[in-house]
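A short write-up of the structure that comes next.
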Amino acid sequence: MVKDKIRTLARNLRHYQTEWEGRLWGYLRDRRLGGFKFRRQHPVGNYILDFYCPKKKLAVEVDGSQHGLDEQLTRDQKRTADLEKKGIRVLRYWDVDLSQNLDGVLNDILAELENRDGESVN
């Protein structure tokens, strides 16, 4: 039951992505970044990852201003810790990072992919 709700929410999030999620997806989809496959709004446990590369177990999260609130920061830290226990590395970028330094973000993601071992969790 919970798994079905997570999948439905992930499907809805794909349709209502933020502007910067959409722009980043344009560079990650179809193996455009270094030949690495990414999934968008991918469920892992009770979480939905903005972008996930299963081969390298790498999650990329795009955070807006709401993630700067203390309560949300605490949730994000717990989420990251839970995912790291599953062997998933989490990279977080503010949407302002994407707007001001998209090339730098893409280079950072690619460097992490190229230097990371990993195999898929799911």
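Near Asp76: Cβ cut-off under 9 Å, other residues only, Lys/Arg at +1 and Asp/Glu at -1. The net charge is +2. Rounded to the nearest whole Hz, the Karplus-based 3J(HN,Hα) values (6.51 cos²θ - 1.76 cosθ + 1.60, θ = phi - 60°) of region 24-33 follow the sequence 5, 4, x, 8, 8, 5, 6, 6, 6, 9, with x at glycine and proline.
In the structure shown, the pairs Lys56/Lys86; Lys55/Lys86; Lys5/Lys56; Lys5/Lys85; Lys56/Lys85; Lys55/Lys85 are assessed against 19 Å; a Cα-Cα span above that value is assigned to Lys5/Lys56; Lys5/Lys85.
Using R0 = 35 Å, the C-beta based FRET efficiency linking Glu84 and Thr18 works out to 0.90.
Label-to-label distance, Gln77 versus Val96, with points set 7 angstrom from Cα along the beta-carbon direction: 2.1 nm. 3J(HN,Hα) along region 99-106: 6, 9, 8, 4, 4, x, 5, 4 Hz, from the Karplus curve 6.51 cos²θ - 1.76 cosθ + 1.60 with θ = phi - 60°, whole Hz, x for Gly and Pro.
Bear in mind that the values in this text are calculations on the coordinates, not laboratory data. Keep in mind it's a predicted model, so treat the numbers as computed, not measured. Cβ atoms come from the backbone with ideal geometry, glycine included; neighbour counts cover every protein chain shown.
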